[in-house]
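The values are calculated or read from the model by the stated rules, or taken from the named source; none is laboratory data. Fair warning: this is a prediction, and the values are worked out from it, not measured in the lab. Cβ atoms come from the backbone with ideal geometry, glycine included; neighbour counts cover every protein chain shown. When the accessible area is computed, the model is the full protein with side chains, heavy atoms only, and any ligands, DNA or RNA have been set aside. Shrake-Rupley method; radii C 1.70, N 1.55, O 1.52, S 1.80 Å.
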Amino acid sequence: MSAKILVPSVLSLLLASPLAAGTLKQDFKDAQGDDKGDGLYTYPAGVPAGSADLCRVSFEESGENFAVTVGVRAFTPNTRVAVVLFDEAAYTDTAREWAIGGTELKLPNWKDRGAAFILGLPASQSPLFDINVTQATPVDAPTPDNVIYVEGGPAAWIAEDGGRSQDPSLAFRLQPQAVQDGDCQSYRYEFPKKLLDTYLPALADESAALYAAAYSYVVVESGANEFGAFELTAAQGASDSWEDADVYDIAFTGAESTQDQLLKVSGEGEEAVVQLQTVDAGIARLR
């Protein structure tokens, strides 16, 4: 498989010179048609083609707010895009933390040094909004949609009062706003930066390095979701082992590390799980 096209905005070429406060703006385009995971994944029955085909991931400071915009070829109720922001300490830590959303994927140790987002359609447009989530089992099924996670395993997310909660009824909910974006169906999710003052101070500090990871997966109405993400099997081109990432598309890959290479799993056990570790290999430096 050929390398994925990574097209940052003009501002992203100025990473060596930190941007002034309130001016961070990065726009990454992702090649369409590569929603095949390690090269062989197909969608489960009932999931429209393109539901996990990333075409854009953007980041923008807007005054006291911060916005994440994600676009896919077909934004459906099955679509989920996970975005993780983290600081330099997380990036350089040799430890890895499980990704949120039920995918078998490990990231730089963002726990308490970053924030993760599970992004989907507005609740009013998705019969699968918050699927498999109940107040009684938020830790066993940590999958509330359009919220900000600040801790992994067990999951905790930002509440309306700025604290942490494991009660979905108290979660601060991101409000998706549709964005006109050509043949890419995009939504913008904006929130006050102050919500992350405790967990990601680098977000509001223009002199601090800031990194991101983003990937897509799907959920289905039947019981085949495992802690959120649909658990792929040989029927969808994966294997029948739990180690498969269950990720259809991953952002921020360059010529040196293609998506199929990153998501290819060989071996068994936790050490075989896909780990994102470096810039242009599933990670972007935003400043």
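Remarks
- Of residues in the range 72-87 being outside any strand (DSSP E or B) and under 18 Å from Pro127 (Cβ atoms), the one most open to solvent (accessible area, probe 1.4 Å): Pro77
- Per-region count, the range 152-177, residues open to solvent by less than 80 Å² (accessible area, probe 1.4 Å) and either part of a strand (DSSP E or B) or within 21 Å of Thr69 (Cα to Cα) (or both): 10
- Out of Asp145, Asp140, Asp130, one residue alone is modelled with pLDDT under 95, of a type in the set (D, E, K, R), open to solvent by less than 10 Å² (accessible area, probe 1.4 Å) and part of a loop (DSSP other than H, G, I, E, B). It is Asp145.
- Qualifying residue in the range 207-230 (condition: modelled with pLDDT of 90 or more, in a loop (DSSP other than H, G, I, E, B) and open to solvent by 40 Å² or more (accessible area, probe 1.4 Å)): yes
- Condition check for Thr69: open to solvent by 10 Å² or more (accessible area, probe 1.4 Å) and assigned to a strand (DSSP E or B): yes
- Residue within the range 88-95 that is at positive phi and open to solvent by 10 Å² or more (accessible area, probe 1.4 Å) present: no
- Subset of the range 190-203 [in contact (Cβ under 8 Å) with a residue 60 or more places away in the chain and under 20 Å from the mean Cα position of the chain (by Cα)]: Glu190, Phe191, Pro192, Lys193, Leu196, Tyr199, Leu200, Pro201, Ala202, Leu203
- Residues in the range 146-189 that are charged (D, E, K, R) and within 15 Å of the chain's Cα centre (by Cα): Glu151, Arg188.
- Tally, over the range 98-127, of residues that are out of contact with any helix residue (DSSP H, G or I) (no Cβ under 7 Å at 6 or more places or on another chain), open to solvent by 30 Å² or more (accessible area, probe 1.4 Å) and either within 22 Å of Arg164 (Cα to Cα) or among the hydrophobic types (A, V, I, L, M, F, W, C) (or both): 4
- Hits in the range 50-66 - residues which are in a strand (DSSP E or B) and either closer than 15 Å to Leu203 by Cβ or not aliphatic (A, V, I, L, M) (or both): Cys55, Arg56, Ser58, Phe59, Glu60, Glu61, Ser62, Asn65, Phe66
- Per-region count, the range 262-273, residues within 19 Å of the chain's Cα centre (by Cα) and open to solvent by 10 Å² or more (accessible area, probe 1.4 Å): 2
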